[in-house]
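Coordinate-derived values only; no laboratory data. It should be emphasised that the depicted structure is a prediction, and the values quoted were computed from it without experimental measurement. Cβ atoms come from the backbone with ideal geometry, glycine included; neighbour counts cover every protein chain shown.
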Amino acid sequence: MFQVLKKLKWFFVENRSRYIAAISLLLIVNLLEIVAPAVIGEAVDGIIDQTMTFRLLAFYLALLIILNITLYILTYFWQYLLFGGATILEKTLRSRLMKHFLKMSPAFYARNSTGDLMARATNDLKAVSETAGFGILTLVDSTMYMGTILLAMGFLISWKLTLAAVLPLPLLAYFLKRLGDKIHAHYMAAQDAFGEMNDYVLETVAGVRVVRAFNREKNEIGKFRGMTEAVFRKNMLVEKIDAYFFPITNILNGLSFCIGLSYGIYLVMRQEISLGDLVSFHVYLGMLNWPVYAVGELINIMQRGNASLDRVLETLNEKEDVRDPDNAKRLDGIDSVRFDDFSFQYPGTEQKALDNINVLVRKGATIGIVGKTGSGKTTLIRQILREYPAGRGRLTIGEDPIEEIMKKEIREKIGYVPQDHFLFSKTVRENILFGNEGAGEEELEKAIRLAALDKDIEFLPNGLDTLVGERGVALSGGQKQRISIARALIKNPELLILDDALSAVDAKTEARIIENLRRERQGKTTIICSHRLSAVEHAHWIIVLEDGKIIEEGTHEDLLKKNGWYKEQYERQQLLRRDEEEVAGVDR
């Protein structure tokens, strides 16, 4: 049950002064709280013995008032320190999770759903936080506070009466242990179900336009209803077990009261204790309600916290698939990128995604990569970005193997426009400046012009300060692509990689962007992956991929002479382009 505290030992050591102060103040409060019942007992005996005077009564009242004010002040400070520590733990773990998420490779996100990761960063962290706050409180109160009250009852009143009254406690410990084990198992299942539901909601919201287009709203609502019902049932099972704690505690507490009252009256009649002692004893017995109940809460919180911490640590303990070397080399510049007999296959698959690739990308050159969908174009790019562990063969930047260079060093010098052209839910300006936050207005305008986005900005409601909506939902596909291109260009990278980044723009805009790149990026390296061969016509070298293998390579003119896939595809696209232009002319 207390494994969660061992796992959090590092945190308690780091914040030991806070927790020592909080627990010390809590113990002082616990000690002061046993004074009031003793004062009440003395007052009762004074009234019965007719020794009570106005002066003595005023003293007792003043003592109780001062005692309560002191308890109020001390309680404020221990609560601030203790529950503040819980907040610090939640913040620390959430920061660690975010840092971990950002450094993990795509393989990690293939193994873990987004919804489940979000559940671990929210619900699970809240449960762990409660362990470091309310869990510590219940631990102290169910042990030290309970012990303080029992000692006061024994030493100040009667050990015989105290032992008789606490006879039900071992029975309580047995029931709470059984319930605690069940809470752990069912809470884990409930959290897993919540993660699955979370993931489903994210997917449905992201794809809401597709859902509407296929008129699938009722089906999705039905699926979601089923998932929420499963989450509800599993959480209700946890709450059902949790609900046993309070009644069992109350029943056994009531049994303690019955024993204490009946046996206490017997001792009063035998004059072994006074009536004031009996009154004090029952006040103490009432005070024992919370620490006894705290035992149940302690088991409940510790089991939930342990289950949640296991889920969080499972994520944090996952190792990076692509790790930086211990003695990493610095990268002064990207002089060349070279693949020598390079092969790669994705983890968990047997088929090679790249097979015996030999490519040399010289500094200042423009390289075109074309091929059918699934031919390996994006996979080739991912090797340069070090998103996956290095495959077989040799991949070098300059003279150094890529696995000997830090990922950050490589990515700092690359401007990358991915296929999915992801945009943040911010303004157009903020999305572009994400590539270079220190860029000035002149650099921003240049990047917009090079990406052929300048005319579009004029028609946006608030220009550059227009909010693009979540994932760029307020923009067209072509606009999103060009914002992504501008984001990469404002970085002024040594190596620019466009991964099918012109698929959503028209032929005229594509030609303008390509011409801008040819003019502005002279002497800098560019790699263009594309389905449209018009995007790579100007390239110094073009490679054609099929099933991860290079089936053709050369300049545009060389490939047209070979009468292979490239020529066939080029002629087909030229015919389609002419047909589109003729249709456009007829429409006008």
Output ordering of 168-177, 522-531 (per-residue mean of other Cβ within 10 Å, highest first) is 522-531, 168-177
Farthest towards the positive end of the dipole of the chain, among Thr204, Pro37, Phe194 and with Cβ unit charges of +1 on Lys and Arg and -1 on Asp and Glu, lies the Cα of Pro37
Once normalised by the length of the range 12-316, the mean sequence separation of its alpha carbon contacts under 8 Å that are 6 or more apart gives a contact order in percent of 33 percent
One finds the C-alpha centres of the range 51-69 and the range 309-356 to be spaced, in Å, by 75 Å
Cα pairs beyond 39 Å in the chain, in percent, come to 52 percent
Least to most buried among Tyr109, Tyr566, by other C-beta atoms within 10 Å and fewest first, runs Tyr109, Tyr566
Note, the range 409-422: 3J(HN,Hα) by Karplus (6.51, -1.76, 1.60, θ = phi - 60°), whole Hz, Gly/Pro = x, goes 4, 6, 5, 5, 9, 10, x, 10, 10, x, 4, 7, 5, 5
Note to self: C-alpha centroids of the range 105-152 and the range 180-215 sit apart, in Å, by 21 Å
Counted neighbours (other Cβ, 10 Å), sorted fewest up, put Ser256, Ser280 in the order Ser256, Ser280
Looks like the range 341-426, by Cα gyration tensor root eigenvalues a ≥ b ≥ c and the a/c under 1.5 rounded cutoff (else prolate when a/b is bigger than b/c, oblate otherwise), is rounded
Computed about the Cα centre, the charge dipole of the chain from +1 Lys/Arg and -1 Asp/Glu charges at the Cβ has a magnitude in debye, to the nearest 20, of 400 debye
Once phi for every residue in the range 126-140 is put through the Karplus expression 6.51 cos²θ - 1.76 cosθ + 1.60 (θ = phi - 60°), the whole-Hz ³J(HN,Hα) values, with Gly and Pro written as x, are 5, 5, 5, 4, 4, 5, 7, x, 5, x, 5, 4, 5, 5, 5
Check: C-alpha center the range 14-39 vs C-alpha center the range 491-533, spacing in Å is 68 Å
The correct pair for the range 12-316, radius of gyration to one decimal and Dmax as a whole number, both in Å and from Cα atoms, is 25.9, 89
Counting every C-alpha pair in the range 434-588, the percent lying more than 25 Å apart is 39 percent
Computed, not fitted: 222 nm per-residue ellipticity of the chain from DSSP H runs ≥ 4 (each -39500 (n - 2.57)), nearest 500, equal to -20000 deg cm²/dmol
With N residues in the range 309-366, Rg(alpha-carbon) / (2.2 N^0.38 Å) equals 1.70
Taking Ile65, Ile265, Ile414 and counting other beta carbon atoms within 10 angstrom, the fewest-first order is Ile65, Ile265, Ile414
Quick calc, the range 65-121, dipole around Cα centre from Cβ unit charges on Lys, Arg (+) and Asp, Glu (-), nearest 20 debye, gives 340 debye
Quotient of Cα radius of gyration and Kirkwood radius for the range 532-574, i.e. Rg/Rh, equals 0.92
Net charge near Phe224 (other residues with Cβ under 14 Å of its Cβ; Lys, Arg +1; Asp, Glu -1) is -2
Along the dipole axis of the range 97-162 (charges at Cβ: +1 for Lys and Arg, -1 for Asp and Glu; origin at the Cα centre), the most positive-end residue among Asn123, Thr138, Ile157 is Asn123
Given the candidates Gly478, Val283, Ala535, the one whose Cα lies deepest towards the positive end of the charge dipole of the chain, counting +1 at each Lys or Arg C-beta and -1 at each Asp or Glu C-beta, is Val283
Treating only Lys and Arg (+1) and Asp and Glu (-1) as charged, each at its beta carbon, one finds that the range 12-316 has a dipole about its Cα centre, in Debye to the nearest 20, of 1160 debye
Taking Lys and Arg as +1 and Asp and Glu as -1, residues besides Gly348 with C-beta under 12 Å from its C-beta add up to -1
So the angle from the long Cα axis of helix 169-206 to the longest Cα principal axis of the chain, reported in degrees to the nearest 10, equals 20 degrees
Charge tally for neighbours of Trp565 with beta carbon under 15 Å away, counting Lys, Arg as +1 and Asp, Glu as -1, is +1
The set of residues whose placed amide H lies less than 5 Å from the amide H of Thr555, leaving out same-chain residues fewer than 5 positions away, is Ile542
